[in-house]
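A.B. asks: Could you have a look at this structure, given as structure tokens, before my questions?
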Amino acid sequence: MVTYLYWAAVIALVVLALFAGSRLGHLGKGAIVAGVIFLAGWLAYYFHYQQVFVKRFGGVMHIKVPNGQRHLGSTWKDDNLWIENFDPKTNECIFSEYSKGNLLEGRVIIRNCNPLMEQAVPRP
């Protein structure tokens, strides 16, 4: 729901820029401003607000686990989503911060990590 309100506000600003440009006799300049507003709104949503909206207000995000890895878990730290995967080929646990476009993405690699291996449990 919040996503719809966000996009309604962005589209309203685009229409307002086009309307103001046409009323002032500069439709070309209004179209440029409208394009800049739409591009800024799209970039802000794609790189920041989508994750914030999902965490705070509910929503849907689709994340793909890299080929050859197994998903172990995920958690939120502030507004950042951290995902833990296991790579059986290299025997590494990869704890990475999810961000669209791989900008400012953190990553922790734990070597010799084998969480999926069954461990012998002493029986009474």
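A.B. asks: Since residue 21 meets every condition but one in (1) loosely packed, with under 13 Cβ neighbours inside 10 Å; (2) in a helix (DSSP H, G or I); (3) at pLDDT 85 or above; (4) not aromatic (Phe, Trp, Tyr), which condition does it not meet?
C.D. replies: (1)
A.B. asks: Now, a different point. Output yes when any residue across the range 56-72 is modelled with pLDDT of 85 or more, surrounded by 15 or more Cβ atoms within 10 Å (Cβ to Cβ) and over 12 Å from the mean Cα position of the chain (by Cα), and no when none is.
C.D. replies: For the range 56-72, residues modelled with pLDDT of 85 or more, surrounded by 15 or more Cβ atoms within 10 Å (Cβ to Cβ) and over 12 Å from the mean Cα position of the chain (by Cα): present.
A.B. asks: Identify all residues within the range 32-47 that are surrounded by fewer than 17 Cβ atoms within 10 Å (Cβ to Cβ) and touching a Ser or Thr at 6+ places or on another chain (Cβ under 9 Å); write none if there are none.
C.D. replies: 47, the sole residue that qualifies.
A.B. asks: For the range 34-44, check the following and say yes or no: at least one residue is within 16 Å of residue 105 (Cα to Cα), free of Cβ contacts under 8 Å to residues at least 40 places away in the same chain and not acidic (Asp, Glu).
C.D. replies: no
The values are calculated or read from the model by the stated rules, or taken from the named source; none is laboratory data. Keep in mind that what you see is a predicted model, and the values were worked out from it rather than measured. Cβ sites come from the backbone with ideal geometry, for glycine too, and all protein chains shown count toward neighbours.
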